Amino acid sequence: MKDRGGELLSIPRSKIVEMAITGILLGGHFGFFISSVKATSIAASVLLGTCHIVYVAIIGWLILGERLNQKAIYGMIVALFGIVVLFWGDLVEDPGNFRGNILAFISGILAGLYYLGGRRLRKEISLPMYALVVYFFSALTMWSVVILHDLEYQSLPVAEIQLFILMALIPTLLGHTMQNWALGYLPAYVVSISLLSEPVGSGILGWLIFAELPSLGVFIGGIIVLFGVYVVTSAEKASS
């Protein structure tokens, strides 16, 4: 514990600020994603969130000046076309999902910025310190939203509190932390490709648990999106 405290104090203030911003982005991603699940289908929400791989490539190209090969550009165009198909198909079949799709789209952009920051910081900061600072500011961001919107939290049912604890332990501490660990040891494209299983798994669970079937637009657009994302990650593999 003493060593960890010394490590935290030895981190430059600029890196602490970068991790704090990364944590705020993660908290924003969670907030928009959770809100989107309430307003659209699980499949659409997760698909639009998974597109952060494409958003990272676009942001890296526009802001950081990262070079993209033709294959990556092709994959980005395909994925963005799939997003348009998903939005349009869902708008025709169920206009009520439009707001949820927008929220999921924003959550994906925030996730892209979060992963972009993490990719840089994990090369210099150990996983325990990175997770400690980032998750702290992520939790602080979400707690601020609860306070600002005067949301109920003092009389939640025990079952809901148990679910919150499980969500913190399994998807966050295990899921997100393992991804952050992998970023320090594996090429980014390997981590990215592994995330392609998320929309498929969540869609199946949504069908089994909630009997929720995605609309035709989400199904067709989702296939196009996943193909585009796969092309982008394959291009990253080739360039590395």
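All of A44, A111 fail the test of being over 19 Å from T172 (Cα atoms), aliphatic (A, V, I, L, M) and surrounded by 21 or more Cβ atoms within 10 Å (Cβ to Cβ), apart from A44. For region 41-63, the criterion of being free of Cβ contacts under 8 Å to residues at least 24 places away in the same chain, over 30 Å from G6 (Cβ atoms) and part of a loop (DSSP other than H, G, I, E, B) is satisfied by at least one residue.
Here region 127-138 is the region considered, the condition is being surrounded by fewer than 18 Cβ atoms within 10 Å (Cβ to Cβ) and in contact with a Gly (Cβ under 7 Å, 6 or more places away or on another chain), and the residue that is nearest to I165 (Cα to Cα) is F136.
The test for being under 22 Å from S202 (Cβ atoms) and either part of a loop (DSSP other than H, G, I, E, B) or touching a Gly at 6+ places or on another chain (Cβ under 7 Å) (or both) holds for G82. Within this structure, I73 passes the test of being of a type in the set (V, I, T), on the phi < 0 side of the Ramachandran plot and either surrounded by fewer than 21 Cβ atoms within 10 Å (Cβ to Cβ) or in contact with a Leu (Cβ under 6 Å, 6 or more places away or on another chain) (or both).
Of the candidates G6, G28, G65, G60, the single residue that is under 14 Å from the mean Cα position of the chain (by Cα) and more than 22 Å from L208 (Cα to Cα) is G28. Elements of the type helices (runs of 4 or more DSSP H) sitting completely within region 153-240 and holding at least 3 residues that are modelled with pLDDT of 85 or more and in contact with a Leu (Cβ under 8 Å, 6 or more places away or on another chain): these cover 216-239.
The values are calculated or read from the model by the stated rules, or taken from the named source; none is laboratory data. Predicted, not measured: the structure shown is a model, and the values here were computed from it. Cβ coordinates were reconstructed from backbone atoms using ideal geometry, including for glycine residues, and neighbour counts include every protein chain displayed.
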